[in-house]
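What follows is a single structure, written as structure tokens, with notes after it.
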């Protein structure tokens with residue numbers, strides 16, 4: 001079977017930090033290391049990616065699903081010797097990051113900051129331990145990048161002053177909005193319940209809103225928000 005997605009590289013690189021030369025990669029797909037039985041449902045994202053990054057042990061499921069990976073990133077504590085040897089043989093670019101102050105998803109996103117990226121999609125982070133799931137959400141907040149995290153039931157997007165949300169949708173789609181810390185002057189347009197320059201604190205206030213127009217717009221002047229939009 002021919003591997004799908006990504007563009008195979010021709011250089012074997014093992015790095016101990018993320019000081020990497022900038023590259024132009026307009027659409028990046030990051031595959032997390034959780035239960036990969038749902039990988040086939042993300043076929044469209046895999047096919048449309050210019051570059052595919054596997055987080056550590058996710059490379060095993062990428063091989064099993066015949067997904068061509070360009071970069072392998074993480075502390076490499078979850079990968080088998082056999083898969084690591086295969087990655088080297090396949091001439092993947094391997095970015096080993098030994099520091100333990102961030103998870104593998106955060107390491108992959110930090111690496112993307114050195115690239116010219118228009119869009120980053122993340123899959124393979126459903127399930128697993130609850131604390132790991134929470135850490136994945138905070139990884140979105142650590143890096144000011146155009147990221148969409150795909151869950152089985154929703155997509156998750158981080159919103160800040162420099163990264164407002166402009167989302168094309170249909171009326172009647174449920175979404176929730178949560179403030180991470182204090183967030184100033186939140187504005188929501190295109191929803192059943194809108195806000196105009198409203199200050200938000202961590203609470204359940206933003207649970208279960210509904211889109212009312214073709215476009216949903218959310219922005220703020222200071223702080224960070226997490227938006228969950230139903231599929």
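Just to verify a result, which residue in region 97-112, among those that are part of a loop (DSSP other than H, G, I, E, B), within 19 Å of the chain's Cα centre (by Cα) and in contact (Cβ under 8 Å) with a residue 40 or more places away in the chain, is farthest from residue 52 (Cα to Cα)? Of everything passing the filter in region 97-112, 102 is farthest from residue 52 (Cα to Cα).
For region 1-33, the candidate set comprises residues that are modelled with pLDDT of 70 or more and under 17 Å from residue 106 (Cα atoms); within that set, the residue that is surrounded by the most Cβ atoms within 10 Å (Cβ to Cβ) is 31.
Considering region 162-184, the residues that are modelled with pLDDT of 95 or more and not in a strand (DSSP E or B) include one that is nearest to the chain's Cα centre (by Cα), namely 164. Determine whether region 166-180 contains at least one residue that is surrounded by 16 or more Cβ atoms within 10 Å (Cβ to Cβ), out of contact with any helix residue (DSSP H, G or I) (no Cβ under 8 Å at 6 or more places or on another chain) and free of Cβ contacts under 8 Å to residues at least 40 places away in the same chain. Among the residues of region 166-180, not one is surrounded by 16 or more Cβ atoms within 10 Å (Cβ to Cβ), out of contact with any helix residue (DSSP H, G or I) (no Cβ under 8 Å at 6 or more places or on another chain) and free of Cβ contacts under 8 Å to residues at least 40 places away in the same chain, which makes the answer no.
Take the conditions (1) in contact with a helix residue (DSSP H, G or I) (Cβ under 6 Å, 6 or more places away or on another chain); (2) in a strand (DSSP E or B); (3) under 23 Å from residue 71 (Cα atoms); residue 148 misses just one of them, which is (1). Give the number of residues within region 113-131 that are outside any loop (DSSP other than H, G, I, E, B), under 22 Å from residue 61 (Cα atoms) and either in the same structural domain as residue 181 (by TED's automatic domain parsing) or free of Cβ contacts under 8 Å to residues at least 60 places away in the same chain (or both). Selection size over region 113-131: 1. Of (1) in contact with a helix residue (DSSP H, G or I) (Cβ under 8 Å, 6 or more places away or on another chain); (2) free of Cβ contacts under 8 Å to residues at least 60 places away in the same chain; (3) under 17 Å from residue 109 (Cβ atoms), residue 86 satisfies all except one. Which? Unmet condition: (3). The set of residues from region 211-229 being surrounded by fewer than 15 Cβ atoms within 10 Å (Cβ to Cβ) and not in a loop (DSSP other than H, G, I, E, B) comprises 215, 222. Would you say residue 124 is at positive phi and buried (at least 19 other Cβ atoms within 10 Å of the Cβ)? The answer is yes for residue 124.
In the set (1) buried (at least 22 other Cβ atoms within 10 Å of the Cβ); (2) more than 17 Å from the chain's Cα centre (by Cα); (3) assigned to a strand (DSSP E or B), the condition left unmet by residue 94 is number (1).
The values are calculated or read from the model by the stated rules, or taken from the named source; none is laboratory data. Keep in mind that what you see is a predicted model, and the values were worked out from it rather than measured. Counting neighbours? That spans all protein chains shown, and the Cβs are built from the backbone with ideal geometry, glycine included.
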